[in-house]
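Rule-based calculations on the coordinates, nothing more; no lab input. Owing to the predicted nature of the structure, the values given are computational and were not obtained by experimental measurement. Because the Cβ atoms are built from the backbone with ideal geometry, glycine has one as well, and the counts that use them run over all protein chains shown.
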Amino acid sequence: MAETLTPDICVIGAGSAGLSVAAAAAAFGVPTVLIEKHKMGGDCLNTGCVPSKALLAAAKRAASMRNSDAFGVTAQLASVDFAKVHEHVQRVIAAIAPNDSAERFTGLGVRVIKGNATFKDRRTVAVGDIEIRARRFVIATGSAPAAPRISGLDQGPYFTNETIFSLTELPKHLIVIGAGPIGLELAQAFRRFGSDVTVLEAAWPLAKDDPECAAIVVTALEREGVVIRSGVNVAEVACAVGNVKVTLEGGEAIDGTHLLVAAGRKATTDGLGLEAAGIRHDRAGIVVNNKLKTSNRRVYAIGDAAAGQLQFTHAANYHAGLVIRNALFRLPVRVNNDVIPWVTYTDPELAQTGLSEAEARKRGYKVRLLRWPYHDNDRAQAERETHGHIKAVTTANGKILGATIVGAQAGELITTWSLAIAQRLNIRALTSVVVPYPTLSELGKRAAIDYFTPSLTSPWVRRIIAWLRLFG
Ligand SMILES: Cc1cc2nc3c(=O)[nH]c(=O)nc-3n(C[C@H](O)[C@H](O)[C@H](O)COP(=O)(O)OP(=O)(O)OC[C@H]3O[C@@H](n4cnc5c(N)ncnc54)[C@H](O)[C@@H]3O)c2cc1C
């Protein structure tokens with residue numbers, strides 16, 4: 001071995017999770033090694049959140065041109081130059097990339113190593129001819145698109161999130177397997193650029209979300225022309241460049257030009273040498289306890305690589321914070337998935353925080369549902385964004401358990417509810433906030449006030465008012 005390093009912390013993977021740990025450790029002056037085998041920034045920057053949101057932003061421009069007549073503004077969508085859309089997406093990635101770069105992290109004091117990390121034993125990782133014997137290791141190797149077992153799929157070519165953002169020509173007919181957030185976001189984007197889009201889903205769309213609110217998203221996409229087929233199983237695919245045939249169980253065939261597979265994720269564990277380090281893993285990923293520690297007490301696993309965790313960039317950042325507190329300060333920590341929100345960035349957006357109605361009932365809560373529709377919000381009327389509603393879940397005495405918002409800017413509006421849940425606020429706290437008029441934020445306050453609606457008609461309240469009247 002040419003070199004042996006003995007840092008306090010060795011992080012494997014420079015995606016959202018690994019970068020957050022490395023940046024925080026370096027900020028505290030802790031000797032840190034960060035190993036990345038591919039692109040700094042991982043999935044989120046290069047093939048996930050950033051390109052998908054940049055693509056959706058371009059698609060939204062196209063949609064708003066088509067829909068501007070209602071505002072009295074006549075605009076014509078002359079054409080979509082998809083090569084330029086591709087350039088826009090790449091420019092957005094390039095603008096953010098310096099934050100995640102090896103240069104920046106080296107400047108922060110992190111030793112960044114390019115290469116494939118493999119455990120040699122319980123406390124040694126090797127990258128090429130460098131050996132790292134760290135006090136603690138953090139596995140943050142992320143996930144990759146899972147390939148469902150479908151006859152002919154392995155013959156390719158098909159697209160996944162790892163390749164779709166390199167397309168420079170608009171597909172004529174995109175077939176998407178999987179109606180989760182990734183599949184539906186991309187389906188809507190391509191439809192808005194002008195592709196025919198067919199989405200095939202074995203179960204039902206957005207299966208992890210509140211069904212009532214997910215249905216509003218599905219209807220909106222269908223209204224735009226996305227064909228969504230639920231409860232269908234793909235039996236076989238035959239893909240050639242520009243020519244795709246998907247055969248469903250039962251024999252129906254669907255012809256398209258491009259195939260996108262967005263049917264789940266698989267934790268990246270291959271080649272890590274987990275057995276040599278005594279780290280248990282299964283199909284869901286690296287097995288962790290509620291402190292995100294693996295079966296090897298020196299090693300944490302966080303982000304998409306950790307089994308049973310929510311797979312989002314902000315979840316990865318949250319994990320990183322817990323690891324820093326536990327590894328550097330020996331503070332007790334415990335993952336709490338109930339405080340992690342998630343958003344599907346379709347139009348309308350779908351945002352969830354805390355417990356959904358179904359989850360709250362499953363846990364035995366006697367729930368109160370509080371609602372407010374977008375069409376009763378003045379700003380939503382002005383913007384012509386009247387589809388959707390907010391649905392908050394509380395206990396009978398007003399403890400906030402969760403909220404689902406479907407509609408414009410749902411991803412922005414959900415944060416108030418996340419804060420309320422994290423701070424264990426009662427719904428009364430949200431009724432006392434003064435919210436600027438006219439904003440979509442009023443939706444949250446109106447839903448909170450809905451908690452008191454039954455008391456407005458309560459005979460007791462009326463009797464008290466009548467009694468107080470006696471005093472002049
Ligand atoms: C299309 C798409 C859209 C998404 N949109 C959103 C969104 O809007 N909001 C959101 O919160 N989340 C979104 N996500 C999810 C988000 O991208 C992931 O949850 C997040 O990137 C996970 O971060 P991570 O650090 O765990 O893994 P990754 O970002 O995958 O990083 C892991 C890194 O480890 C490296 N690595 C793996 N093995 C080794 C090894 N042996 N040695 C060295 N390096 C290794 C990999 O090369 C990679 O760079 C989206 C995902 C996709 C696919």
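Can you find, among 90, 126, 102, the residue farthest towards the positive end of the dipole of segment 22-153? Put +1 on the C-beta of Lys and Arg, -1 on that of Asp and Glu.
126
Would you list, by chain and number, the lysines whose Cα falls below 23 Å from the Cα of residue 391, excluding same-chain residues fewer than 8 positions away?
208, 362, 366, 399, 445
Apply the Karplus curve 6.51 cos²θ - 1.76 cosθ + 1.60, θ = phi - 60°, to the phi angles in segment 69-79 and return the couplings in whole Hz, x for Gly and Pro.
Each residue's phi maps through the Karplus curve to give 4, 4, 8, x, 10, 8, 10, 10, 7, 5, 6 Hz.
Summing Lys, Arg as +1 and Asp, Glu as -1, what charge do residues with Cβ under 14 Å from the Cβ of residue 13 carry, residue 13 excluded?
With Lys, Arg at +1 and Asp, Glu at -1, the neighbours total -2.
Please give the Cα centre distance for segment 450-472 versus segment 287-364, rounded to the nearest Å.
Taking the Cα centre of segment 287-364 as reference, the centre of segment 450-472 is 44 Å away.
Pull up the DSSP beta bridges for the chain and report the antiparallel fraction as a percent, rounded to 5.
55
Sort the following peptides by mean Cβ neighbour count (other Cβ atoms within 10 Å, averaged over residues), highest first: 386-398, 236-248, 277-289.
Going from most to least packed, we get 386-398, 277-289, 236-248.
Return the FRET efficiency for the residue pair residue 395, residue 236: r is the Cβ-Cβ distance, R0 is 60 Å, and the value is rounded to the nearest 0.05.
It comes out at approximately 0.75.
Could you tell me which of 183, 158, 31 has its Cα farthest along the dipole of the chain towards the positive end, charges placed at Cβ (Lys, Arg +1; Asp, Glu -1), taken about the Cα centre?
31
Out of the trypsin sites (Lys or Arg not before Pro) in segment 86-174, which ones are loop residues according to DSSP with at most 10 other C-beta atoms within 10 Å?
Answer in residue order: 149.
Treating the Cα atoms of segment 348-454 as identical point scatterers in vacuum, please give the log10 of the normalised Debye intensity I(q)/I(0) at q = 0.10, 0.12, 0.16, 0.22 Å⁻¹, two decimals.
Those come out to -0.24, -0.35, -0.62, -1.17, one per q.
R0 = 56 Å: FRET efficiency of residue 435 with residue 166, Cβ-based, nearest 0.05?
0.80
If the convex hull of the alpha-carbon atoms of segment 1-116 is projected onto planes in all directions, what is the mean projected area in square nanometres?
Mean projected area for segment 1-116: 9.7 nm², to one decimal.
With both partners inside segment 153-263, how many of the DSSP beta bridges are antiparallel, as a percent to the nearest 5?
Restricted to segment 153-263, the bridges split so that about 40 percent are antiparallel.
In Å, what is the Rg of the alpha-carbon atoms in the chain, and how long is Dmax?
In Å, with Rg to one decimal and Dmax whole: 24.9, 91.
For residue 196 and residue 424, compute 0.36 nm times the residue count separating them, minus their Cα-Cα distance, and round to one decimal in nm.
The residue 196-residue 424 span can extend by a further 77.5 nm.
Cut-off under 19 Å on the C-alpha distance; same-chain residues fewer than 8 positions from residue 245 excluded. Which aspartates and glutamates are left, in chain and number order?
Candidates past the 8-residue exclusion: 154, 196, 201, 236, 255.
Work out how much length residue 276 to residue 455 would gain on full extension: take 0.36 nm times their residue separation and subtract the Cα-Cα distance, in nm to one decimal.
Length gained between residue 276 and residue 455: 58.1 nm.
If each of residue 338 and residue 155 carries a label point 7 Å out from its Cα toward its Cβ, how far apart are those two points in nm?
5.1
When the chain is fully extended, how far beyond the present Cα-Cα distance does residue 146 get from residue 120, taking 0.36 nm per residue of separation?
6.6 nm
Show me 177-190, 326-339 ranked by packing, highest mean number of other Cβ atoms within 10 Å first.
Highest mean packing first, the order is 177-190, 326-339.
Less than 21 Å apart at the alpha-carbon level, and either on another chain or at least 8 residues along: which lysines does that give for residue 39?
53, 114, 266
How large is the dipole of segment 153-263 about the Cα centre if only Lys and Arg carry +1 and Asp and Glu carry -1, each at its Cβ, rounded to the nearest 20 debye?
That gives segment 153-263 a dipole magnitude of about 240 debye.
For segment 398-404, take each phi angle, set θ = phi - 60°, evaluate the Karplus expression 6.51 cos²θ - 1.76 cosθ + 1.60, and give the result in whole Hz per residue in order, putting x for glycine and proline.
x, 5, 7, 9, x, 8, 10
Rg/Rh for segment 153-263: what does it come to with C-alpha atoms and Rh from Kirkwood?
Result: Rg/Rh = 0.94.
Find how many whole Å separate the alpha carbon centroid of segment 56-89 from the alpha carbon centroid of segment 152-205.
20
Using the Cα centre as the reference, give the magnitude of the dipole from point charges on the C-beta atoms of segment 358-472 (Lys, Arg: +1; Asp, Glu: -1; all else neutral), rounded to the nearest 20 debye.
That gives segment 358-472 a dipole magnitude of about 720 debye.
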